[in-house]
Amino acid sequence: MQRESMDFDVVIVGGGPAGLAAAIRLKEVAAQAEQEISVCLIEKGSEIGAHILSGAVMDPRALAELFPDWKEKGAPLKAAVTEDCFLMFSESGSYRIPNFLLPKCFHNEGNYVISLGNVCRWMAQQAEALGVEIYPGFAGSEVLFDENGAVRGVATGDMGMLRDGSQGPNYQPGIELLAKYTFFAEGCRGSLTKVVEKKFGLHEGRDPQVYGIGLKELWEIKSENHKEGLVVHSGGWPLDNDTYGGGFLYHMENNQITLGYVVGLNYDNPYLSPYEEFQRFKTHPEIKKFLEGGKRLAYGARAIAAGGLQSLPKLTFPGGLLLGDAAGFLNASRIKGSHCAIKSGALAAETCFKAIAAGRARDELSEFPQAFEQSWLHEELHRARNFKPWMSKGLYWGSLMFGIDQIALRGKAPWTLHHSGFDHVKLKKAADCKPIEYPKHDGVYSFDRLSSVFLSNTNHEEDQPCHLHLKDATVPVKTNLALYDAPEQRYCPAGVYEIVRDESGDPRLQINAQNCVHCKTCDIKDPTQNITWTTPQGGEGPNYPNM
């Protein structure tokens, strides 16, 4: 069966804040110019917001630029931040850092505790009202190039394929979505973004991108333990001082809180499990006091691109550009990225519309990086550029130096620190590291992975090709197990990778792809870079409510 094709002015891959903002702004500027522009947005989740996971405390600055009347339009920003609290944890105690000692980036006055998934659902409603064509449940699986090597669009994945690679009875070929310009807004470590980054050498001359993994739960707690608008961050225990990471606990409306833990993926001990560190975090007295008598409602995990300004790739290439966390527009020091994503999408839309109005197509939109460099977004990321490099020096030394950078120098130090290498090369051999003994889950505050995956509403059709590809099927045992004690069993937050033994005792790697929550950590942290994450059938994966 031959693939059908559809033509648009702009095709956007990804229904997160960056992609939606770009679609909305394209329609806005076209209406202002009294011109028509056709915009198509595809999203691999079953609905807009299904795969969206973020902390999240949102700075409304970029949203207000996009919609000055966002309050009147009913944007789901309800819980204004009322208090900031930053705690340094020991195993059983804590110390609160006085707010006057905190750099400005840790202050959240004027911000809101939100569900980013719900914000994206609302943004999708605004986009559709403006005439954007949105297709959830369609995963972009292939980048299409024209005869000159420019991006001409994307193809969605085939549906109804069987595990052996044959076409099942319900087979439907993907659709080619062709455009004058294609925006990649897939989020962190996007599979199509990797293709264009490699083809066009977008990372040449840039620092390596560095990542974290964020794990999150949604709880409903007792009203007497709830304080709408309270924002709590923590550093220290359960991680050691040489491992980057920290916790968060945000009080939303309706007696709900989001809490989670972020671990930098540059950690070196292959025995470390980000999932288990999160479970330990919840047993600290300062966290347990909020959770007592509460109920866990949802769970999820997502990788985070945290390299900052010096790790941004070249943003444009013939026929397209990168947006949001696909590029790395995240301010790690503020623990925020949604406002950065929205601003990047708006800037891209404005420059793209001018090009289309001038009759251009599939050339390079060099005006986009120029507009970014002249924007408040660049200024903000420039102030934060040394955060992650300093924090890689250790918790206390890094905190001291970044505090000096932000308070004394106001983020305007005459130097830029650089990242020392890719996260996957940082793992030490298992023989050189001490195993970590994690406590047994109590079923009240800490839980096993499978019960957590259940709360993510993850679903994949089992009789389909595995979307997690091994370049060499012998590597997991011959290299990863032999040298690193199979770290994929621990860095995966969903129990996807498992070493099992056959009747003769020989080990093999079993991939439980149906558990995958699409966090992309395996694609990032695998020490041999033998695992490649690709999109499964459209609509599959997690289905996050209120996350």
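Numbers for the structure displayed
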{"item": "Potential lengthening between Tyr396 and Phe100 on full extension [0.36 nm per residue; Cα-Cα distance subtracted]", "result": "104.8 nm"}
{"item": "Highest-first arrangement of 457-463, 342-348, 423-429, where packing means the average Cβ count within 10 Å", "result": "342-348, 423-429, 457-463"}
{"item": "In the stretch 276-344, the GluC sites (Glu not before Pro) that fall in loop regions by DSSP, at most 15 other Cβ within 10 Å", "result": "Glu292"}
{"item": "Two-site FRET efficiency, Lys198 against Lys78, from Cβ-Cβ distance with R₀ of 56 Å, rounded to 0.05", "result": "0.85"}
{"item": "Heavy atoms of Asp69: accessible area, 1.4 Å probe, square angstrom to 10", "result": "60"}
{"item": "Cα-based Lys pair tally, the stretch 327-471, threshold under 16 Å, eight or more apart or on separate chains", "result": "5"}
{"item": "Rounded if a/c under 1.5, otherwise prolate or oblate - the stretch 411-510, Cα gyration tensor axes", "result": "prolate"}
{"item": "Heavy-atom accessible area order for Val13, Val444, largest first, 1.4 Å probe", "result": "Val444, Val13"}
{"item": "Förster radius 45 Å - calculated FRET efficiency between Arg410 and Asn170 (Cβ-Cβ, nearest 0.05)", "result": "0.15"}
{"item": "DSSP-assigned coil residues among GluC sites (Glu not before Pro) in the stretch 54-93, each with at most 10 further Cβ atoms within 10 Å", "result": "Glu72"}
{"item": "The chain: calculated mean residue ellipticity at 222 nm from DSSP helix runs of at least 4, using -39500 (n - 2.57)", "result": "-6500 deg cm²/dmol"}
{"item": "Spin-label pair Tyr135/Asn255, simplified geometry with 7 Å Cα→Cβ offset, distance in nm", "result": "4.4"}
{"item": "Length released on extending from Glu224 to His418, taking residue separation times 0.36 nm less the Cα-Cα span", "result": "65.3 nm"}
{"item": "Amide hydrogen neighbours beyond the local backbone of Leu297, cut-off 5 Å, H modeled", "result": "Leu218, Trp219, Glu220"}
{"item": "In order through the stretch 94-111: 3J(HN,Hα) via Karplus (6.51 cos²θ - 1.76 cosθ + 1.60), integer Hz, x for Gly, Pro", "result": "7, 10, 8, 6, x, 4, 6, 8, 7, x, 4, 5, 9, 9, 10, 4, x, 9"}
{"item": "Backbone N under 15 Å from the Leu297 label point (7 Å along Cα→Cβ), restricted to the stretch 120-158", "result": "none"}
{"item": "Exposure rank, largest accessible area first [Thr534, Thr82, Thr316, Thr416; 1.4 Å]", "result": "Thr82, Thr416, Thr534, Thr316"}
{"item": "Formal net charge of residues neighbouring Glu36 (Cβ-Cβ distance under 14 Å; K, R +1; D, E -1)", "result": "-3"}
{"item": "Amide H contacts under 5 Å for Met6, placed H, 5+ residues apart", "result": "Glu176, Leu177, Leu178"}
{"item": "Cβ-defined net charge surrounding His419, 14 Å radius [Lys, Arg +1; Asp, Glu -1]", "result": "+3"}
{"item": "Segment Ser92-Arg360, length gained on full extension (0.36 nm per residue, minus Cα span)", "result": "90.3 nm"}
{"item": "Local electrostatic count, Gln279, Cβ distance below 14 Å [Lys/Arg +1, Asp/Glu -1]", "result": "+2"}
{"item": "Estimated FRET transfer efficiency when R0 is 22 angstrom, pair Ser375-Asp268 (beta carbons, to 0.05)", "result": "0.05"}
{"item": "Of all accessible heavy-atom area on the chain, the percent that carbon and sulfur account for (1.4 Å)", "result": "49"}
{"item": "For the stretch 333-343, Karplus couplings with θ = phi - 60° (6.51, -1.76, 1.60), whole Hz, Gly/Pro x", "result": "5, 8, 6, 9, x, 5, 5, 5, 5, 4, 5"}
{"item": "Overall form of the stretch 68-165 per C-alpha gyration tensor (a/c, 1.5; a/b vs b/c)", "result": "prolate"}
{"item": "Burial order of peptide ranges 235-244, 109-118, 43-52 (average beta-carbon count within 10 Å, highest first)", "result": "43-52, 109-118, 235-244"}
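The values are calculated or read from the model by the stated rules, or taken from the named source; none is laboratory data. The shown structure was predicted, so the numbers you read here are calculated from the model rather than taken from an experiment. Because the Cβ atoms are built from the backbone with ideal geometry, glycine has one as well, and the counts that use them run over all protein chains shown. Areas reflect the complete protein model, heavy atoms only, side chains present, ligands, DNA and RNA absent. Shrake-Rupley method; radii C 1.70, N 1.55, O 1.52, S 1.80 Å.
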